[in-house]
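Step one of this worksheet: look at the structure below.
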Amino acid sequence: MREESLKLRPYLDEVGVMIGLEIHVQLNKLNTKIFCGCPLDYHDDGPNTHTCPVCLGLPGSLPVINRKAVEYSIKVGLALNCSIEEHTQFYRKNYYYPDLPKGFQITQYDYPIASSGYINIEGEDGEVRIRINRAHMEEDPGRLVHEGGSIERSKYTLIDYNRSGVALLEIVTEPDIRSPKEARRFLDKLRNILGYLDVVDTTLEGSMRVDANISLSGGSRSEVKNISSHKGAERALLFEIVRQKNLLRRGGKVVQETRHFDEARGVTVSLRTKEEAHDYRYFPEADLVSLRVADWAPGIAKTLPELPDARRQRFITHYSITDDHAKSLTSEKQVADFYEQVAAEVDPKLAAVWIADVLKGELNYRDLGIDAFASASMVQLVKLLAGDKITEQSGVEVIRTILDEGGTPDEVVAAKGLLKAGSDLVTAAVEEVISENPGAVEDYQNGKQEAVNFLMGQVMKKTKGRADAKEVRKMIIQRI
Amino acid sequence: MITVSQTLEAIQDSSAEEVVSQCIDRIEASKFNTFITVAKESVLEVAGETEGHTGPLAGVPIAIKDNISTKGIQTTCASRILGGYVPPYDAHVIERLKAAGAIIVGKLNMDEFAMGTSTETSHYGPTLNPWNTETVPGGSSGGSAATIAAGEVPLALGSDTGGSVRCPASFCGVVGLKPTYGVISRYGLISYANSLEQIGPIASNVADMTLLFNVIAGHDQRDSTSVPGEKDYTKALVDDVKGLTIGVPKEYFGDGLDQAVEKSVWDSVHRLEDLGASWQEVEMPHTKYALAAYYVIAMSEASSNLARFDGMRYGLRLEKDHDWHTTYSEIRAQGFGEEVKRRILLGTYALSAGYMDKYYLKALKVRTLIKQDFERALKSTDVLIAPTMPTPAFKLGEKISDPLTLYMADVNTVPVNLSGVPSVSLPCGFSDGLPIGLQIMGKHFDEKTIIRTAYTFEQNTNFHTKAPEVV
């Protein structure tokens, strides 16, 4: 991989795309909010049921830092190869908005919890390093509920403070990303790492919210807010590249501004320009004391699980599988765990092929997670394949049947009669097909190779697919 | 004035209900506009429930500055913007008081959001000084000191951001303590300048003040700046200053110091010398920068602390609904008084991009220098003694139209808040019938030594026995 001259990493195209991301990660696996004891299990309850004087910002209330939130943040920081500051400090970011009950957000500014890290991703032209500028802790504001849908059409807006005070970790990258696809890969990789750390349930809505900064050819950048999915990030950035390109082509100038991503329409809309930008008047939050966290880091480092990159390397060396398979198998923690359970019982290479190349595809097609398929079933299936009991074609059918109808491989094989046909039966079928199709035989003898395929198909039909195709082909050629 | 021991005796002789009921009568008859809210409805029932209570303040009436949250009792900060706001929770100090058996009789007048030195910025009108109703009681805890001086209640709580307990204690001839930052939980105290302020006890004498302090001090996990402190401060009530070294900072005797005040303070130093203490002059060279630094920091913090008052969830509401921006602006335009707006605007300016280095960050540097002044001065001494206020109480209306002159009156009290050390003010003389306050400052967390010094001074003088004639 290229470690050298990161800043000089060439643009991928003539327009010189530079993208930096800010990702708000909700530490929703904590039990309580960041500055009070309100529980986080509010998703099934009514609005404003998980609140107290602190997260409602009532006069006189004071924040107290959630120790676990700091530990989780350090954990993420270490996993992103960041250095953990000696001291960490909270600041107030002053702005007015109805979802912000104190009129300021408690966040970090100088002395963030983690800084100067990186993540390696599969870039457009090989593995690349995307640098992390910093990761800092802050509180989530409340949630605005516009009655009647969008903010423009609604008659009034309700505020739900259940989300107010949920711990966020904002991860800020350097502008090292060179294309929308790389942005998406970065986000996927980040989600994968967070999944390994067990600090975020990324399936919950709003658990990873993205703001993207993008500029072309070193020009002014626009910041796109309100991106809620990785696909959305890719689409928003593609739109921005086209918009900025067209603007430049028409002789216009890109102005520094904040834009809003309209997910439904797939476009970005200007929110405010630099002149209208807020002056947040950051200053230290005196209600929270500076935390000396340098001593926490070594202990937390010991609790770090094996991360995707390391696991991938181990899979390659320990199981002797290909890099592509290792990458695919470690791209989600649950899949990697599944693979290791299977690989412990059967041939790891065969297991890798069937999980990475077949099972994952079938799951994706059905929008299912790995938990839809039992590892014991995969063990059974790989054993059947390794013992030459069923054909590869039957193997695929077994997986599809289990996913669609349930059952175990043994049950499916028995019910569908998928056990490989005996050699007598296959030989008989070959003989029959040859005598029934003299024309095809003649074609082959006249040099028409495709005729064999026709004959094979006939044999497979007679054996109901239970014959090994390669074997059949060999037998036919020998015979004619 | 009323003491706690008199009150406890009266409860013994009659009942807590009787004592509290008399207290309410006095408050309602008050000519000094000391209260904003009297907790009339609930108070007799609560008093009845203290029968058999063994807490140190069982049945004793206490009044609370109106910026301390009291569950079920309106808490306004003397501002229109919080009119009708009834907190759903008690401040830490209120929990402590209730556990000790004290009866909350009502909420005291103050400068709006504690921004003032005279209690003239209150939306509910000024409090009058019981010693002379043409003068101010000091501020911002003017209601707290005046109600004690007027003999309405034996105990009161104030808060001190830049002198707001000590100034009115000085002007009203009572005893008030600004504890070390962190000794009393601020949970429930509505912030004006949160890095500077502490809740402080006010009473008619050092022993009562200490008793109250003892009840409300102590660690609270809901305030991250809270520290454990001492177990029993009343052990410091000892009539003995032998061997004590007093520092007298000459910078606290500067321009504008009233001659009578200067004489009373020096007399007090000499009185303590007679009682076995020694004194020496100390230098605190950065004192002259304290006032400017204080106001920059306090206003900056205020601009942020007061941002939450938007009329959306509690307090003042507009009659008609508007969009959010209009509502927000209109509520704040109508709800805040002139001095509060001035401080929010100046604080916002001081924190703005391009000005922050020049004002806020520079003020923080001065703050560090002031802290070092105290550390140095208190290295060779045990306590520092100085006038609390440069003058006795001034006339109502005399300074309110000239904010800068009014700010200057805080010159001797703000350094204490910048450094975080404890400081007590107690009466040490009179000038034309108006009390003079003696300020005794100590080391961080060394309340015991300033309490002992104050107690010894009080035991050997009779200023605390004088009270205004309240007819």
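The values are calculated or read from the model by the stated rules, or taken from the named source; none is laboratory data. Everything quoted here is computed from the prediction, not taken from an experiment. Neighbour counts are summed over all protein chains in view; Cβ atoms, including those assigned to glycine, are modelled from backbone coordinates with ideal geometry.
Values for this structure:
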| read-out | value |
| --- | --- |
| Candidates A:Arg235, A:Arg250 - the one that is more than 14 Å from every other protein chain (Cβ to nearest Cβ) and exposed (fewer than 15 other Cβ atoms within 10 Å of the Cβ) | A:Arg250 |
| Extreme residue, farthest from the other protein chains (Cβ to nearest Cβ), among residues of the stretch A:291-314 that are in contact with a strand residue (DSSP E or B) (Cβ under 7 Å, 6 or more places away or on another chain) and surrounded by 13 or more Cβ atoms within 10 Å (Cβ to Cβ) | A:Asp309 |
| Strands (runs of 3 or more DSSP E) (entirely within the stretch B:52-171) containing at least 2 residues that are of a type in the set (Gly, Ala, Ser) and closer than 29 Å to B:Cys428 by Cα | B:155-160 |
| The stretch B:85-103: number of residues that are surrounded by fewer than 24 Cβ atoms within 10 Å (Cβ to Cβ), more than 13 Å from chain A (Cβ to nearest Cβ) and either without any contact (Cβ under 8 Å) to a residue 24 or more places away in the chain or out of contact with any helix residue (DSSP H, G or I) (no Cβ under 6 Å at 6 or more places or on another chain) (or both) | 3 |
| Residues of the stretch B:188-244 satisfying the condition of being within 14 Å of chain A (Cβ to nearest Cβ), among the hydrophobic types (A, V, I, L, M, F, W, C) and within 14 Å of the chain's Cα centre (by Cα) | B:Leu189, B:Ile190, B:Ala193, B:Leu196, B:Ile199 |
| All positions within the stretch A:429-456 that are among the small types (Gly, Ala, Ser) and more than 24 Å from A:Leu384 (Cβ to Cβ) | A:Ser435, A:Gly439, A:Ala440, A:Gly447, A:Ala451 |
| Among the candidates B:Glu112, B:Glu51, residue that is crowded, with 24+ Cβ neighbours inside 10 Å and either closer than 30 Å to B:Gly347 by Cα or free of Cβ contacts under 8 Å to residues at least 60 places away in the same chain (or both) | B:Glu112 |
| Listing of helices (runs of 4 or more DSSP H) fully contained in the stretch A:365-435 that carry 2 or more residues being closer than 22 Å to A:Lys470 by Cβ, among the β-branched types (Val, Ile, Thr) and at pLDDT 90 or above | A:392-405 |
| Residue satisfying condition, being more than 23 Å from the chain's Cα centre (by Cα), in contact (Cβ under 8 Å) with a residue 40 or more places away in the chain and in the same structural domain as A:Arg143 (by TED's automatic domain parsing), within set A:Gly206, A:Gly218, A:Gly252 | A:Gly218 |
| Tally of residues being at pLDDT 95 or above, assigned to a loop (DSSP other than H, G, I, E, B) and of a type in the set (S, T, N, Q) across the stretch B:401-458 | 2 |
| Selection within the stretch B:223-271 - closer than 30 Å to A:Val64 by Cα and in a helix (DSSP H, G or I) | B:Tyr233 |
| Filtered residues of the stretch B:175-187 (kept if among the aromatic types (Phe, Trp, Tyr) and either within 9 Å of chain A (Cβ to nearest Cβ) or over 23 Å from A:Ile65 (Cβ atoms) (or both)) | B:Tyr187 |
| Neighbours by Cβ (under 6 Å, 6+ apart or cross-chain): first from the stretch B:280-308, within 14 Å of chain A (Cβ to nearest Cβ); second among the β-branched types (Val, Ile, Thr) and surrounded by fewer than 24 Cβ atoms within 10 Å (Cβ to Cβ) | B:Ser303/B:Ile344; B:Ser303/B:Thr348; B:Leu306/B:Ile344 |
| Leading residue by the ranking (farthest from the other protein chains (Cβ to nearest Cβ)) among those in the stretch A:82-114 that are surrounded by fewer than 22 Cβ atoms within 10 Å (Cβ to Cβ) and among the polar types (S, T, N, Q) | A:Ser83 |
| A:Leu30 more than 14 Å from chain B (Cβ to nearest Cβ) and under 30 Å from A:Ala286 (Cβ atoms) | yes |
| Among (1) over 27 Å from B:Pro87 (Cβ atoms); (2) acidic (Asp, Glu); (3) within 11 Å of chain A (Cβ to nearest Cβ), the one test that B:Asp357 misses | (3) |
| Members of the stretch A:186-210 that are surrounded by fewer than 21 Cβ atoms within 10 Å (Cβ to Cβ), touching a strand residue (DSSP E or B) at 6+ places or on another chain (Cβ under 7 Å) and closer than 16 Å to A:Arg235 by Cα | A:Arg209 |
| Odd one out for B:Leu351 among (1) surrounded by 14 or more Cβ atoms within 10 Å (Cβ to Cβ); (2) within 24 Å of the chain's Cα centre (by Cα) | (2) |
| Flag for A:Arg221 being in contact with a Ser or Thr (Cβ under 8 Å, 6 or more places away or on another chain), buried (at least 20 other Cβ atoms within 10 Å of the Cβ), charged (D, E, K, R) and modelled with pLDDT under 95 | yes |
| Some residue of the stretch A:66-81 being among the charged types (D, E, K, R), away from every other protein chain (no Cβ under 12 Å), crowded, with 20+ Cβ neighbours inside 10 Å and in contact with a helix residue (DSSP H, G or I) (Cβ under 6 Å, 6 or more places away or on another chain) | yes |
| Residues located in the stretch B:309-327, provided they are at negative phi and within 12 Å of chain A (Cβ to nearest Cβ) | B:Phe309, B:Asp310, B:Met312, B:Arg313, B:Tyr314, B:Asp321, B:His322, B:Asp323, B:Trp324, B:His325, B:Thr327 |
| Selection from the stretch A:38-54 of residues that are surrounded by 18 or more Cβ atoms within 10 Å (Cβ to Cβ) and more than 24 Å from B:Gly182 (Cβ to Cβ) | A:Cys38, A:Leu40, A:Tyr42, A:His50, A:Thr51 |
| Residue match in the stretch A:43-58 (condition: within 12 Å of chain B (Cβ to nearest Cβ) and touching a helix residue (DSSP H, G or I) at 6+ places or on another chain (Cβ under 9 Å)) | yes |
| Residues of the stretch A:221-249 satisfying the condition of being touching a Gly at 6+ places or on another chain (Cβ under 9 Å) and without any contact (Cβ under 8 Å) to a residue 24 or more places away in the chain | A:Asn246 |
| B:Phe253 vs. criteria surrounded by fewer than 19 Cβ atoms within 10 Å (Cβ to Cβ) and aromatic (Phe, Trp, Tyr) | yes |
| Close pairs (6 angstrom Cβ cut-off, 6 or more residues apart or separate chains): touching a residue at least 12 places away in the same chain (Cβ under 8 Å) in the stretch B:146-162, acidic (Asp, Glu) anywhere | B:Ser159/B:Glu197; B:Thr161/B:Glu197; B:Gly162/B:Asp410 |
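Let's see how each residue does on (1) among the β-branched types (Val, Ile, Thr); (2) within 23 Å of B:Val282 (Cα to Cα); (3) touching a residue at least 12 places away in the same chain (Cβ under 8 Å):
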site: B:Gly188; (1), (2), (3): no, no, yes
site: B:Val215; (1), (2), (3): yes, no, yes
site: B:Asp220; (1), (2), (3): no, no, yes
site: B:Lys231; (1), (2), (3): no, no, no
site: B:Val238; (1), (2), (3): yes, no, yes
site: B:Thr245; (1), (2), (3): yes, yes, yes
site: B:Glu251; (1), (2), (3): no, yes, yes
site: B:Asp258; (1), (2), (3): no, yes, yes
